[in-house]
Structures are given as structure tokens and as C-alpha cells.
Amino acid sequence: MQPNPNPNPNPISARAALDRMTPYTPGKPIWEVQSEYGLDRIVKLASNENPLGPSPKALEAMRELLPELHRYPDDRARKLVGALSKHYRLPESHFIATNGGDEFIKLLSEAYLEKGDEVVLPSPTFSEYEFGAILMEAAIVKVPLREGFRYSVDDILEQVCERTKLVYLCSPNNPTGTYLPRTELTRLLDRLPRGVLLVIDAAYSHFASAADYTDGMDLIAAGYPVVVLHTFSKIYGLAGIRVGFAAASESIMEAILRVKEPFNVNALAQTAALAALGDKEHIEASRRLNEKGRRQLYEGLARLSIPYVESMSNFVLAEIGERAGVVYEELLKRGVIVRPGHGWGLDRWLRLSVGTEEENSFLLEQLYVISITKGILFKDM
Ligand SMILES: *Cc1c(COP(=O)(O)O)cnc(C)c1O
């Protein structure tokens with residue numbers, strides 16, 4: 001065969017919607033910083049992972065399953081769904097397990113959005129909601145958070161119209177750590193018109209210690225048009241194996257099941273999630289470590305005169321100032337990976353995941369050293 005004389009190796013045009021997509025920017029991986037800066041020790045506080053590691057019960061369950069990996073996984077993750085149903089006291093038909101929470105956002109978008117629909121999002125928030133909307137050619141309406149990154153139900157309601165299909169609410173919100181109190185959440189639900197689905201992303205619910213916080217699971221039983229998203233990537237420490245789940249009434253879930261691939265959650269992920277869900281010790285230890293770590297970061301930041309947002313989550317958003325980009329780079333050189341805020345339009349901010357006591361101390365020490373050597377006085381900025 002003659003070689004193809006056409007110089008363009010891909011004359012096939014992709015969907016126009018793809019031009020509007022920007023790839024997700026994850027936290028910089030440990031190996032990359034190691035090789036770029038020739039460092040051994042890296043402290044990664046960039047992706048809100050569990051600093052205690054995976055649930056030990058999950059590790060054990062996965063080891064036991066290894067000889068069975070020639071078998072396909074259960075297509076509906078029935079054991080996991082059964083345990084979730086008991087745990088949350090909702091029927092099994094209300095749950096779907098997914099390949100991380102991210103997959104659920106995509107499935108939800110595929111099942112419910114089309115051209116002409118509108119999606120209402122807080123801003124700044126998790127970027128995957130926007131991805132799902134763009135993929136399906138739905139329009140995006142952003143509702144800026146108020147002073148101190150607080151939610152305003154009135155601002156959200158103002159943007160809802162007859163074209164609105166989904167309203168996303170990330171509570172606690174990534175990257176701000178702020179949340180919507182229960183009474184405000186029910187006020188929102190009582191005022192949303194029929195035909196609008198409220199999506200509550202509760203990825204960080206376990207870290208929310210405020211008495212008036214709710215992840216919204218009880219609102220499903222109360223019959224509201226709500227879908228609640230959860231993940232095993234955060235408190236359960238299983239980000240690497242990819243598993244999450246969502247809950248909603250059976251009639252809402254029905255459409256989502258139609259777009260799901262049969263074997264979307266791999267067998268190891270199913271067994272790990274099931275074991276982690278029952279690992280109360282690991283969950284409690286993780287929660288306690290995070291509460292202490294959050295306080296440690298607050299105190300350390302205050303000592304450096306760095307303003308921060310009080311967080312109901314496992315990260316703290318810190319206002320570094322005009323030279324946040326420089327501080328981010330300097331932290332990398334010293335082996336500390338955090339998340340810069342510019343992807344959210346927060347150029348003056350860094351998002352710091354809560355680590356172990358030692359990791360938090362290391363981060364705070366490095367911030368101190370940078371402020372001295374680079375002549376950055378945080379409070380002056
Ligand atoms: C981490 C996260 C998720 C889920 O992530 P997966 O790893 O895909 O399960 C969902 N929403 C928010 C806001 C998150 O931060």
C-alpha cells in the first residue's frame with residue numbers, strides 16, 4: 001500500500017462542544033516533583049487525599065479477592081449497594097455505585113441534559129459539573145458565592161428559570177470549605193420549580209462538624225427531587241481505586257442506569273468500598289486527625305498573618321496575596337505540593353489539604369522560610 005498522501009493525519013472533525021472543554025488539572029503528582037526538583041521527600045497536600053492512607057480493612061479485602069480477578073465484577077455492585085442501603089436506611093433501588101464520583105457526574109449529565117437546558121452552578125466550585133454540562137451542550141449559569149464564599153439561596157433562585165434542569169450544590173464546597181446550612185437547603189428545595197433536580201455533592205460530608213450541616217440524604221426519603229453524590233476517595237482513603245456512589249429516588253436513578261456501562265466499578269473497588277464503609281475505626285481516626293489538622297493550619301496561618309476561610313472540609317483555602325504563584329513554586333522546590341487557586345479564578349489563594357500533624361508543620365515551616373527568604377510579608381499584601 002502507498003503511504004497516505006494527505007498531510008493531515010486526522011481529517012475527521014470532533015464534536016464542536018469539545019472545543020469549549022479544558023482538561024482537568026489534577027494536583028501535581030509526587031513522582032513529577034521528585035524528578036523535576038531532585039527531591040526525595042515530598043509532602044502532597046494538593047488533592048484532599050486521606051493522610052492516614054486507605055482503610056486497612058479495605059486493603060485486606062482486596063488482597064483476599066486477588067485470585068478471583070479472572071471473573072467479571074457484579075454489574076450493579078450489589079453487595080456494596082446492599083450495605084449502603086442498610087447504612088443510610090434507604091431502599092437498594094435508590095443507590096448506584098460508580099467509578100469514582102466523577103463518573104456519576106458524567107452519567108447524570110448524559111441522562112438528563114441536552115441542548116437548550118441550563119445548569120446552575122456556584123462559583124467557584126468543583127470543575128466536573130461544568131465538564132458534564134459542556135459535554136451535553138447545556139448552558140452554564142454561574143452564581144458567584146457571597147462575601148467569605150458563603151452560599152446565597154436567593155442568588156441561586158434568581159438564576160433558575162424554565163430552562164433550568166440541574167442545580168449543583170457542593171456542600172462543603174470544594175475549594176472553599178463553606179457549606180449550606182440545613183434550613184437554607186430546605187428553603188431552596190421548597191422554592192425550586194418542578195422539573196429541577198438539585199444535585200448535592202457531599203464528597204466531604206464526613207468532615208463537616210457544624211451542627212446545622214446535612215448531606216441531604218434524609219431529604220431523599222422525604223421525597224424531594226434531590227440526588228446526593230458521595231465518594232470513597234476522601235475520608236475512606238481510596239482515591240486510587242476509583243469508587244463512589246450516589247443516592248436518589250428510584251425514578252430519578254432509572255434514567256441514569258440506562259447510560260451506565262455494565263461493569264463500571266471494578267471488582268477490587270467494590271470489595272474495598274464495602275470493607276471501608278464498615279471500618280468505623282479508620283473513619284473516626286481520619287475525622288479526628290482532620291479536625292486537629294484543621295486547627296493546626298488555622299493557628300499556623302494566623303501566626304503568619306495569612307487570612308483563611310474556615311473550612312468544614314479536609315482542606316483550607318488560604319489567601320496568600322499577590323505573590324501566591326511565587327509561593328506555590330517555592331513550596332514545590334521545597335517538596336510541598338499544594339493546589340494553586342488560579343484554575344478557580346482565585347489567583348491570590350492556595351488550597352491546602354490537611355495532612356498529618358508532621359506534614360502540616362512542614363508546610364507551615366516552609367511558608368515561614370519562604371516569607372523570610374523571599375521578603376514576602378503576608379499581612380502587607
Ligand atoms: C473528590 C471529589 C469528588 C469525587 O471524586 P472521585 O475521586 O471521582 O470519587 C466529587 N466532588 C468533589 C467536590 C470532590 O472534591
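The values are calculated or read from the model by the stated rules, or taken from the named source; none is laboratory data. All figures in this text were calculated on a predicted structure; none of them were measured in a lab. Ideal geometry is used to build each Cβ from the backbone, glycine not excepted, and the neighbour counts take in all protein chains shown. In case anyone asks, the SASA skips ligands and DNA or RNA and just uses the protein heavy atoms, side chains included. Shrake-Rupley method; radii C 1.70, N 1.55, O 1.52, S 1.80 Å.
Restricting attention to the range 281-320, the residues that are without any contact (Cβ under 8 Å) to a residue 40 or more places away in the chain and within 23 Å of ARG150 (Cα to Cα) add up to 8. The condition of being in contact with a His (Cβ under 8 Å, 6 or more places away or on another chain) and of a type in the set (Lys, Arg) holds for only one of ARG287, ARG295, ARG323, ARG303, that being ARG287.
Of all residues in the range 20-70, how many are among the aromatic types (Phe, Trp, Tyr) and within 16 Å of the ligand (Cβ to nearest atom)? Adding up the residues that qualify gives 1. Which condition number does ARG150 fail, the rest of (1) open to solvent by 60 Å² or more (accessible area, probe 1.4 Å); (2) touching a residue at least 60 places away in the same chain (Cβ under 8 Å); (3) more than 15 Å from the ligand (Cβ to nearest atom) being met? Tallying (1) open to solvent by 60 Å² or more (accessible area, probe 1.4 Å); (2) touching a residue at least 60 places away in the same chain (Cβ under 8 Å); (3) more than 15 Å from the ligand (Cβ to nearest atom), ARG150 fails exactly one: (2). Checked against (1) open to solvent by 20 Å² or more (accessible area, probe 1.4 Å); (2) of a type outside the set (Phe, Trp, Tyr); (3) within 16 Å of the ligand (Cβ to nearest atom), PRO73 meets all criteria but (3).
Residue by residue, here is whether (1) in contact (Cβ under 8 Å) with a residue 12 or more places away in the chain; (2) surrounded by 11 or more Cβ atoms within 10 Å (Cβ to Cβ); (3) under 19 Å from the mean Cα position of the chain (by Cα) holds:
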| site | (1), (2), (3) |
| --- | --- |
| GLN34 | no, yes, no |
| PRO54 | yes, yes, yes |
| MET62 | yes, yes, no |
| GLU68 | yes, yes, no |
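Exactly one residue among ALA83, ALA46 is at pLDDT 95 or above, closer than 30 Å to VAL259 by Cα and either touching a strand residue (DSSP E or B) at 6+ places or on another chain (Cβ under 7 Å) or among the small types (Gly, Ala, Ser) (or both), and that residue is ALA83.
For the range 87-130, the candidate set comprises residues that are more than 16 Å from the ligand (Cβ to nearest atom) and under 19 Å from LEU238 (Cβ atoms); within that set, the residue that is least open to solvent (accessible area, probe 1.4 Å) is TYR88. Residues that are assigned to a loop (DSSP other than H, G, I, E, B) and touching a strand residue (DSSP E or B) at 6+ places or on another chain (Cβ under 6 Å) within the range 14-43 comprise GLY27, LYS28, listed in sequence order. Within the range 179-205, residues that are under 24 Å from GLU147 (Cβ atoms) have Cβ atoms under 8 Å from residues that are of a type in the set (Gly, Ala, Ser) and more than 16 Å from the ligand (Cβ to nearest atom) in these pairs: TYR179/ALA210; PRO181/ALA210, counting only partners at least 6 apart in sequence or on another chain. For the condition surrounded by fewer than 18 Cβ atoms within 10 Å (Cβ to Cβ) and within 16 Å of the chain's Cα centre (by Cα), PRO26 qualifies. Scanning the range 155-181 for residues that are buried (at least 18 other Cβ atoms within 10 Å of the Cβ) and among the charged types (D, E, K, R) turns up just one, LYS165. Residues that are farther than 22 Å from ILE30 by Cβ, free of Cβ contacts under 8 Å to residues at least 40 places away in the same chain, of a type in the set (A, V, I, L, M, F, W, C) and out of contact with any strand residue (DSSP E or B) (no Cβ under 8 Å at 6 or more places or on another chain) occur in the range 353-376; there is at least one. When each of ALA248, ALA255 is tested for being within 16 Å of the ligand (Cβ to nearest atom) and in contact (Cβ under 8 Å) with a residue 60 or more places away in the chain, the lone residue that passes is ALA248.
In the set (1) over 22 Å from ARG294 (Cβ atoms); (2) among the aliphatic types (A, V, I, L, M); (3) free of Cβ contacts under 8 Å to residues at least 24 places away in the same chain, the condition left unmet by ALA211 is number (1). When LEU377 is tested against the conditions (1) aliphatic (A, V, I, L, M); (2) open to solvent by 30 Å² or more (accessible area, probe 1.4 Å); (3) touching a Lys or Arg at 6+ places or on another chain (Cβ under 8 Å), the lone failure is (3). Annotation: of all residues in the range 200-236 being within 11 Å of the ligand (Cβ to nearest atom) and under 16 Å from THR186 (Cβ atoms), the one that is surrounded by the fewest Cβ atoms within 10 Å (Cβ to Cβ) is ALA202. Based on this model, can you work out whether PRO262 counts as assigned by TED's automatic domain parsing to the domain that holds LEU80, in contact with a Phe, Trp or Tyr (Cβ under 8 Å, 6 or more places away or on another chain), more than 14 Å from the ligand (Cβ to nearest atom) and not hydroxyl-bearing (Ser, Thr, Tyr)? For PRO262, the condition - assigned by TED's automatic domain parsing to the domain that holds LEU80, in contact with a Phe, Trp or Tyr (Cβ under 8 Å, 6 or more places away or on another chain), more than 14 Å from the ligand (Cβ to nearest atom) and not hydroxyl-bearing (Ser, Thr, Tyr) - is not met.
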